[in-house]
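S.K.: Please see the structure below; I have some questions.
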Amino acid sequence: MAKRDYYEVLGVNKGASDDEIKKAFRKLAVKYHPDKEGGDEAKFKEINEAYEVLKDSKKRQRYDQFGHAGVGGASGGGQSYGGGNPFGGFNGQNVQFDFGDGGLGDIFGSFFGGGARSSQPIKGRDVEVNLTLSFEEAIFGTQENIALTLDDECRHCKGSGAEPGHSMQTCPTCKGSGQVNKVVNTLFGAIQQTVVCNTCKGKGKVPEKPCTVCGGSGISREKQTIKLKIPAGIDDGTTIRLAGRGEATSGGSKGDLYVHIRVKAHKQFTREGDLILSNETISMIDAALGTEIDVLTVDGKVRMKVPAGTQPSTDFKLSGHGVPHLKGNGRGAHIVTVKVEIPTNLGKKQKELLEELKITKKRSFFG
């Protein structure tokens with residue numbers, strides 16, 4: 001579905017002032033805020049995205065020149081509300097990748113208002129790690145090996161808790177039910193509760209001879225290496241969730257592994273959503289007469305034409321040389337801002353030529 005024009009979204013003219021844009025945004029934001037009765041989350045996101053672009057003079061200039069392609073799809077439009085998800089962060093959004101099946105999972109959209117994850121009665125500890133990528137690895141994707149040492153199924157007894165060659169037997173405490181009744185004295189009298197058996201941890205069975213490695217718990221500290229596929233276009237601050245790859249616990253399910261992505265800064269490129277930005281400097285003569293220059297992109301050097309009469313800080317778009325779209329096919333653009341170098345130490349001949357040009361320009365102006 002094509003995006004609507006940002007000026008149309010805010011209900012302002014293309015020549016609207018910064019103050020008019022701000023007032024229009026505030027009015028619509030109050031009307032459609034998702035926390036308000038009758039609010040509209042989709043419209044609020046659209047309004048917010050439009051405002052994030054039009055309030056920024058540089059982004060607005062690129063939008064006026066190139067349309068939506070000039071602002072990288074505006075994926076970073078401050079679309080995070082509430083703070084319920086401690087592992088969020090993707091250009092202003094609380095986004096997670098769920099790789100529960102061991103492969104590249106679906107991308108979850110923004111989480112609004114938090115909300116706790118449904119939890120099982122017994123679950124192992126969640127594990128968090130940081131993973132640092134180069135700028136290029138984040139753009140094109142990569143595969144990383146994550147080395148961990150954590151509580152996992154004991155390899156010696158394969159998680160049974162019994163020494164190999166010995167069997168499991170019925171728990172003498174709960175008689176195999178995995179639960180016991182417990183009486184608790186309260187202000188309202190004695191209350192009977194049914195709780196998990198502490199002897200067998202709810203399994204109903206105990207080892208005939210406890211494992212000599214884990215002591216019968218079925219859990220021991222184990223080293224493991226997890227191969228993680230990093231999708232092309234991932235951004236700094238994103239968190240990848242690997243369901244069931246955290247620590248194990250006796251009688252329960254494993255926790256989750258959260259991988260927090262950090263991306264190193266590039267010495268020449270910066271990133272803005274799906275855009276890659278860089279600067280190129282040309283001489284005053286080349287700006288006046290026009291030229292062709294080699295521009296370094298993440299794909300290598302690209303030949304770019306600079307037309308005659310180019311003004312300082314003019315933006316040029318190299319389509320398809322930006323960041324791959326995480327939610328679809330194709331890539332963003334590479335925006336090149338051309339800087340014009342003004343000479344400071346002119347020779348005598350150079351000064352004479354510029355003076356002659358100045359006189360010629362005046363004559364042309366006055367006819």
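S.K.: Taking amide hydrogens as modeled 1.01 Å from N in the peptide plane, which residues meet the under 5 Å criterion relative to residue 205, leaving out close sequence neighbours?
M.R.: 171
S.K.: Return the long-range amide H neighbours of residue 314 (sequence gap of 5 or more, or a different chain), with a cut-off of under 5 Å between placed amide H atoms.
M.R.: Here the answer is 338, since their amide H atoms fall under 5 Å of that of residue 314.
S.K.: Okay, next question. Ordered by residue, what ³J(HN,Hα) values in Hz, to whole numbers, does the range 134-139 give under the Karplus form 6.51 cos²θ - 1.76 cosθ + 1.60, where θ = phi - 60° and Gly and Pro are x?
M.R.: Whole-Hz 3J(HN,Hα) from phi for the range 134-139: 6, 4, 5, 4, 5, 6.
S.K.: I want to check the label-to-label distance for residue 194 and residue 225. Put each point 7 Å from Cα in the C-beta direction and report it in nm to one decimal.
M.R.: Result for the modelled spin labels: 4.7 nm.
S.K.: Karplus couplings for the range 13-24 from phi (6.51 cos²θ - 1.76 cosθ + 1.60, θ = phi - 60°), rounded to Hz, Gly and Pro as x?
M.R.: In residue order, the calculated couplings are 7, 4, x, 4, 6, 4, 5, 5, 5, 5, 5, 4 Hz.
S.K.: Give a residue-ordered list of calculated ³J(HN,Hα) values for the range 215-231 (Karplus: 6.51 cos²θ - 1.76 cosθ + 1.60, θ = phi - 60°; whole Hz; x for Gly, Pro).
M.R.: Here the 3J(HN,Hα) series is x, x, 7, x, 10, 8, 6, 10, 8, 8, 10, 9, 8, 10, 8, 9, x Hz.
S.K.: Subtract the Cα-Cα distance of residue 280 and residue 132 from 0.36 nm times their separation in residues, and report this length gain in nm to one decimal.
M.R.: 50.4 nm
S.K.: Summing Lys, Arg as +1 and Asp, Glu as -1, what charge do residues with Cβ under 12 Å from the Cβ of residue 132 carry, residue 132 excluded?
M.R.: Surrounding charge for residue 132 is -1.
S.K.: Using the Cα centre as the reference, give the magnitude of the dipole from point charges on the C-beta atoms of the range 126-269 (Lys, Arg: +1; Asp, Glu: -1; all else neutral), rounded to the nearest 20 debye.
M.R.: In debye, rounded to 20, the range 126-269 gives about 460.
Values quoted throughout were computed directly from the atomic coordinates according to the rules given, and no laboratory measurement underlies them. These numbers were taken from a predicted model, which means no experiment stands behind them. Neighbour counts are summed over all protein chains in view; Cβ atoms, including those assigned to glycine, are modelled from backbone coordinates with ideal geometry.
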